[in-house]
1. So which of Ile604, Ile575, Ile641, Ile616 is assigned to a helix (DSSP H, G or I) and either in contact with a Phe, Trp or Tyr (Cβ under 9 Å, 6 or more places away or on another chain) or modelled with pLDDT under 85 (or both)?
2. Please go through (1) open to solvent by 10 Å² or more (accessible area, probe 1.4 Å); (2) in contact with a Gly (Cβ under 8 Å, 6 or more places away or on another chain) for Arg493 and return the number of the only condition it doesn't satisfy.
3. Give me a count of the residues in the range 451-465 that are open to solvent by 10 Å² or more (accessible area, probe 1.4 Å) and under 22 Å from Ile77 (Cα atoms).
4. With the checklist (1) of a type outside the set (S, T, N, Q); (2) surrounded by fewer than 20 Cβ atoms within 10 Å (Cβ to Cβ); (3) farther than 27 Å from Glu306 by Cβ in hand, flag the one item Gly373 doesn't pass.
5. Filter the range 619-638 down to residues that are open to solvent by 100 Å² or more (accessible area, probe 1.4 Å) and more than 24 Å from Ile575 (Cα to Cα) and give me whichever is modelled with the lowest pLDDT.
6. Could you run through the range 366-398 and say how many residues are small (Gly, Ala, Ser) and modelled with pLDDT under 90?
7. Please work out which residue is farthest from Ile302 (Cα to Cα), limiting yourself to the range 329-353 and to residues that are modelled with pLDDT of 80 or more and open to solvent by 70 Å² or more (accessible area, probe 1.4 Å).
8. From Ser472, Ser468, grab the single residue that is surrounded by fewer than 19 Cβ atoms within 10 Å (Cβ to Cβ) and more than 18 Å from the chain's Cα centre (by Cα).
Amino acid sequence: MNTKLVYLYIKDINRGFRNIDFNFTDEFIVKYDPETHVLNIEKNEEKAFDLWGERINSIDLIVGKNGAGKSTILDLIAETNINRRHLFNNYREVVMNGHHKNSFSEWFAIYYVEEDKFVVEGAGPNILFEEKVTPSHEYSFVCRYSFNEKKLYFKKYIQFEPSNIEKVHQASLNNTLIFMYDNDSKELNWLKTEKQDYSLDHYVGFNRVKISQAKFGNIYHFLTKEYEMLETKQFTAQNVFCIIDKGNLFRDIDLSKKDINKLELLYQGQPLITSKLSQEIFSFLKNKEEPIPFSSKEKFIITLLENYIVNAWINGINKDNVEQKKVNKLKQTIDAVKFKGLPQEKSFEDLLKYLFLVLNHVCDALSDKYLDGEKTYYAKALIDFIDHLQIIKDEYFISSNKIKIPISSVFDENIELLLTVYDSYSPNDEDMKNDLQRVIDVYYSNMSRGEMLFVNHFSSLYKALALSENPSIKNIIICLDEPEESFHPEWARKYIYYLTTFLNQVKKGQHIKYQVIISTHSPFIVSDIPKSNITCIKLFEEDGTYSRITEKANFGFGSNLYDIIKDDFFLDSSIGEFATREINKVLERINILSNYNEEAVKEIQSFVNIIDDKFIQNKLNAILKQKVREIMSDDEKKARIIELEEELSRLKGSNNDKD
């Protein structure tokens with residue numbers, strides 16, 4: 001069983017999409033007649049070679065200019081059902097017989113499963129089925145198609161159809177294929193026009209998941225374990241470091257810069273130097289022993305905790321000098337915490353336990369003061385992170401403030417665990433309030449913005465493919481909305497190569513078959529895809545009403561980039577708009593010349609000389625010369641001839657002198 005999307009028909013989803021269809025893959029030619037409701041499916045001759053590699057069924061492109069509706073098609077087929085409802089279903093009211101009535105979208109998609117078995121999903125079953133097969137507007141059915149009768153027969157709802165694959169992994173058919181949708185480049189908060197909801201989707205058809213942004217742990221895993229398969233000769237990530245840096249926790253404290261620079265904490269064996277802090281901070285910061293020669297790792301951890309506690313005390317516990325009874329009680333609680341003092345053989349371990357206890361008391365007090373005692377994760381997040389800091393290599397700690405981890409082909413499981421803990425404590429998680437990512441700053445150095453976007457794209461895809469480790473899943477349809485738009489042109493040119501290499505070699509889900517659908521306007525990507533797998537959308541406007549048509553491309557695999565660009569599905573002109581307008585201005589200026597003006601002609605000629613396209617340059621030169629001949633008087637022509645003869649004579653004389 002190898003399920004794939006082969007056809008999409010849209011009767012009406014608003015947005016100028018009416019009576020329009022798309023064929024995907026080149027295994028079938030599907031046609032639907034909206035008048036007769038006849039669906040014709042014909043098998044194409046099977047190819048004698050495997051273009052994409054054994055793990056990829058097909059790669060299909062949807063191309064067109066901006067605004068053509070490429071993203072809309074991906075939204076329709078790949079968004080979760082709950083979001084599809086927001087985007088398309090109940091989109092307007094119409095008046096029928098004097099009554100207002102909601103008008104719903106109508107469309108269907110067809111998936112080939114095996115032999116004569118197909119899955120049909122969509123909205124508005126009456127456009128395809130004569131009999132009433134469901135009371136629901138949305139549906140997902142298993143059907144049998146008779147190639148002889150040219151007719152589709154309803155069998156059952158998809159959730160009741162067993163997959164009939166390995167019995168040990170028996171699953172209903174709807175759980176054997178998932179869509180993965182990456183449209184993050186469009187997720188600009190100020191640009192969103194529809195509500196997006198990524199809560200649990202209870203749709204009974206094929207599942208849809210969003211390809212979410214990669215996190216720090218995902219990127220580390222991908223860079224160290226998978227990235228080299230994309231670039232074996234020029235490993236872009238070979239000089240990359242993962243940096244873990246302590247933030248400036250004293251930035252909000254009401255102290256002079258001079259005092260902050262002098263601030264000494266516990267491991268250095270000196271009390272706090274300002275009387276204000278000495279009066280306000282608990283006793284363990286006053287009574288200190290001689291400095292202990294802690295390692296850089298130990299200093300990093302101790303100062304991280306001390307800084308956090310001091311900052312929490314000044315900016316939280318005692319910020320407004322109110323509720324002094326509670327403040328004094330907290331001081332007493334902290335003073336009662338046993339600490340054997342320094343130095344001693346296990347000084348770091350004892351100090352760490354002590355600081356953890358103090359941290360918990362301070363964070364509990366903060367919760368009581370500001371959140372009515374609500375359970376928070378401020379202390380737990382920091383302690384979890386420090387627990388994992390302790391097990392990473394000492395050599396990564398280059399100072400008491402910074403950790404520098406080289407990215408190479410040598411994978412360090414402890415680093416991935418540390419970054420996974422960091423990722424798990426989101427600053428926006430209302431159920432697990434914490435500020436770990438404010439206290440600790442993590443970033444990857446020595447990568448350009450383009451490199452970061454490239455790595456993020458494939459790391460995000462790699463993260464999403466973790467779902468493929470479910471043995472019930474046999475097929476994944478990956479939908480990518482203009483994935484190349486932020487890439488360097490050379491990476492865009494190589495994108496299909498990178499993608500096919502990645503999907504064929506990635507270690508996750510090696511039993512999976514992929515189908516990829518990409519919206520793009522990149523000629524680099526188009527030149528890697530056969531034209532039978534490319535559908536072009538063209539937008540028309542008439543009297544303020546927009547409509548669209550689709551047709552297969554006239555260009556594709558191995559096409560010259562210039563030939564692709566000049567097609568009006570991509571550009572109205574093969575040169576930039578500014579240059580086009582300036583050339584047209586000069587052409588107009590030539591046309592309106594009525595009297596010969598040597599300065600004006602020289603100015604025009606000077607502009608023509610900077611045009612790099614020789615065809616355009618020669619054409620303008622010919623037009624200018626013809627115009628000059630037309631507007632010059634006989635006397636001006638004679639004078640010009642004399643000037644040219646004199647110039648020719650001077651040149652000949654200069655040449656004779658050389659001889």
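1. On the way: Ile604 fails: either in contact with a Phe, Trp or Tyr (Cβ under 9 Å, 6 or more places away or on another chain) or modelled with pLDDT under 85 (or both); Ile575 fails: assigned to a helix (DSSP H, G or I); Ile616 fails: either in contact with a Phe, Trp or Tyr (Cβ under 9 Å, 6 or more places away or on another chain) or modelled with pLDDT under 85 (or both).
The conditions single out Ile641.
2. Only one criterion is unmet by Arg493, namely (2).
3. Narrowing the range 451-465 to residues open to solvent by 10 Å² or more (accessible area, probe 1.4 Å): 451-453, 456-457, 462-464.
Imposing the further condition that a residue be under 22 Å from Ile77 (Cα atoms) reduces the set to 457, 462-464.
Total meeting the criteria: 4.
4. With respect to (1) of a type outside the set (S, T, N, Q); (2) surrounded by fewer than 20 Cβ atoms within 10 Å (Cβ to Cβ); (3) farther than 27 Å from Glu306 by Cβ, Gly373 is out only on (3).
5. Step one: list which residues in the range 619-638 are open to solvent by 100 Å² or more (accessible area, probe 1.4 Å), which gives 619, 625, 629-630, 634-635, 638.
Adding the requirement that they be more than 24 Å from Ile575 (Cα to Cα) leaves 625, 629-630, 634-635, 638.
Working: Lys625: 87, Arg629: 84, Glu630: 84, Asp634: 75, Asp635: 72, Lys638: 78.
Top of the filtered list is Asp635.
6. Residues flagged as small (Gly, Ala, Ser) and modelled with pLDDT under 90 within the range 366-398 amount to 1.
7. Lys329
8. Ser472
The values are calculated or read from the model by the stated rules, or taken from the named source; none is laboratory data. On a predicted model such as this, the values are computed, not experimentally measured, just so you know. Heads up, the Cβs are rebuilt from the backbone with ideal geometry, glycines too, and the neighbour counts pull from every protein chain shown. Ligands, DNA and RNA are excluded from the accessible area calculation, which covers all protein heavy atoms including side chains. Shrake-Rupley method; radii C 1.70, N 1.55, O 1.52, S 1.80 Å.
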